[in-house]
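Student: I have a structure I would like to understand better, so I am pasting it below and will then ask my questions one at a time.
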Amino acid sequence: MDNISDILLDWYARHGRDLPWRRTRDPYRIWLSEVILQQTRVAQGMDYYLRFTERFPDVGSLAAAPEDEVLKLWQGLGYYSRACNLHAAARQVAERFGGVFPRSYDEVRSLRGVGDYTAAAVCSAAYDAPCAVLDGNVFRVLARLFDIDLPIDSTAGKRTFAELAQTQLDMRCPGRYNQAVMDFGALQCTPAQPGCADCPLAARCLALAAGTVAERPVKQAKTKVRDRWFNYLHVTCGDRTLLRRRGEGDIWQGLYEFPMIETDRAADFSELTDSEEFRTVLGGVEWRLLRSVAMPKHQLSHQTLHAVFHRFEIFSPVDFPSVPTATLGDYAVPRLIDRYLDRGTLLALYDGGLRAVCVVTKEAPGVFEIKNLAVEPAFQRQGYGRAMVRHVAGACRTAGGTRLLVGTGDSALTLPFYRACGFRESHRVPNFFLQFYDHPIYEGGRLLSDMVYLSMEL
């Protein structure tokens, strides 16, 4: 076993991953797996692959589906242009190739969203075409084996690595060889802490001999990550919620979102309400702010998103797209919005019927917060509120919680209640009710000003 390909194929026979798209020669399923796994780990992409193949078992069923359905099924995977391209390419297959997935490299390469790597991967795996693949794993293996210091993201580097990859390709079994070298990079020759000590190619690795393994592959200067501030207006009017579809030219095109005001920094609520964008959405109607939720940073490849959701209720329709609130879950939204919508858990207390409900959110590891607690009016002052708190505390404790928070106004109606339940004051947000509400809020005859946060150890 003298040549590199034999060593890689032997290693693959013993250590290669058993993946469903490797058990088929169906070019549609191989192509689908490649699109899903772009910028995505196998562990995450697996469930999406299985869901897509169950819903769309062939390229014709994918082509016939509405784009919204494809985007909804893709939700949470990110890089949504992949889903749009996937759907468009399926329609190209239906229209240009009679519903039969093309066989030649050039025809596969002509499909929407298909680049050199994907075309090579599909053609080699499905048809054993002599096409070498070149992804991040292969770049790394070749850069280390041959100790190449050319940047892999430069024109000269891409050309050099493409030529080298083709020379290393095992023409006896191109598809299997490509899978072997990719798995070798993913499992053995990893970016950090590669398994050099037990590497079957250690004796041939020039970077290992030169002590440059950690420096290979070389990349040009990193793209600067920029910060963006998104201020979402989550607005309901009766049984409808304001929702629009994002246009082209930015992230998440084709997905749905609440009205959004982007600012160049963290913005005060008063700055938002004074803005032209706010007046365009809610100008001229009565509105009530229910709460504001700041989300954890949302990291994209070259952007860091800082998002705050302001929850509003309005009492008359506005000239803005809306959907029935009950169908909100049917629309494909960015993962950021999905996390916001999914962050609250509704708990209910029954005693011969519904007596109390409570919305709880997880704010940090071990930290939960009561956002809303309500008791049916006919059953108030009968102990159901305290029973609901005990129920919530127990549920949070079971979920690994160590602390339970609640925020309320400085009111004679609510503070004594929570104190009696075992909460103790933690901190205050000065002037919260004055800043975030456009009208005075009174409770128990007291003008509310500060938000009072109370804490209970679980």
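Student: Name the residues in segment 7-43 that are without any contact (Cβ under 8 Å) to a residue 12 or more places away in the chain and more than 23 Å from the chain's Cα centre (by Cα), would you?
Tutor: Within segment 7-43, ALA13, ARG14, ASP18, ARG23, THR24 qualify.
Student: Please report, ordered by residue number, the strands (runs of 3 or more DSSP E) entirely within segment 349-451 with at least 3 residues that are surrounded by 15 or more Cβ atoms within 10 Å (Cβ to Cβ) and at pLDDT below 85. Let's see the steps before the verdict.
Tutor: Numbers: elements: 354-364, 367-375, 403-409, 424-429.
So the answer is 354-364.
Student: Return yes when ALA120 is of a type outside the set (Phe, Trp, Tyr), within 20 Å of ARG103 (Cα to Cα), in a loop (DSSP other than H, G, I, E, B) and touching a Cys at 6+ places or on another chain (Cβ under 6 Å) and no when it is not.
Tutor: For ALA120, the condition - of a type outside the set (Phe, Trp, Tyr), within 20 Å of ARG103 (Cα to Cα), in a loop (DSSP other than H, G, I, E, B) and touching a Cys at 6+ places or on another chain (Cβ under 6 Å) - is not met.
Student: May I pose another question? Go through segment 258-282 residue by residue and tally those that are surrounded by 13 or more Cβ atoms within 10 Å (Cβ to Cβ) and farther than 19 Å from VAL333 by Cβ.
Tutor: Result for segment 258-282: 11.
Student: Can you tell me which of VAL375, VAL367 is more than 29 Å from VAL225 (Cβ to Cβ), among the β-branched types (Val, Ile, Thr) and not assigned by TED's automatic domain parsing to the domain that holds ASP239?
Tutor: Details: VAL367 fails: more than 29 Å from VAL225 (Cβ to Cβ).
Of VAL375, VAL367, the one residue that is more than 29 Å from VAL225 (Cβ to Cβ), among the β-branched types (Val, Ile, Thr) and not assigned by TED's automatic domain parsing to the domain that holds ASP239 is VAL375.
Student: Additional query: Scan segment 1-52 residue by residue and report those that are among the hydroxyl-bearing types (Ser, Thr, Tyr) and under 16 Å from TYR80 (Cα atoms).
Tutor: SER33, THR40, TYR48, TYR49
Student: Of all the helices (runs of 4 or more DSSP H) wholly in segment 139-246, which have at least 2 residues that are in contact with a Gly (Cβ under 8 Å, 6 or more places away or on another chain), modelled with pLDDT of 95 or more and surrounded by 13 or more Cβ atoms within 10 Å (Cβ to Cβ)?
Tutor: Numbers: elements: 155-168, 174-183, 206-210.
The helices (runs of 4 or more DSSP H) meeting that bar are 174-183.
Student: While we're on this one: Between a first residue in segment 188-204 that is of a type in the set (Ser, Thr, Tyr) and a second residue that is outside any helix (DSSP H, G or I) and surrounded by 12 or more Cβ atoms within 10 Å (Cβ to Cβ), which pairs have beta carbons less than 9 Å apart while being 6 or more apart in sequence or on different chains?
Tutor: Correct list of pairs: empty, since none qualify.
The values are calculated or read from the model by the stated rules, or taken from the named source; none is laboratory data. Just so we're clear, the structure is a prediction, and the values are computed from it rather than from any experiment. Methodologically, a virtual Cβ is constructed for each residue, glycine included, from the backbone with ideal geometry; neighbour enumeration extends over all protein chains shown.
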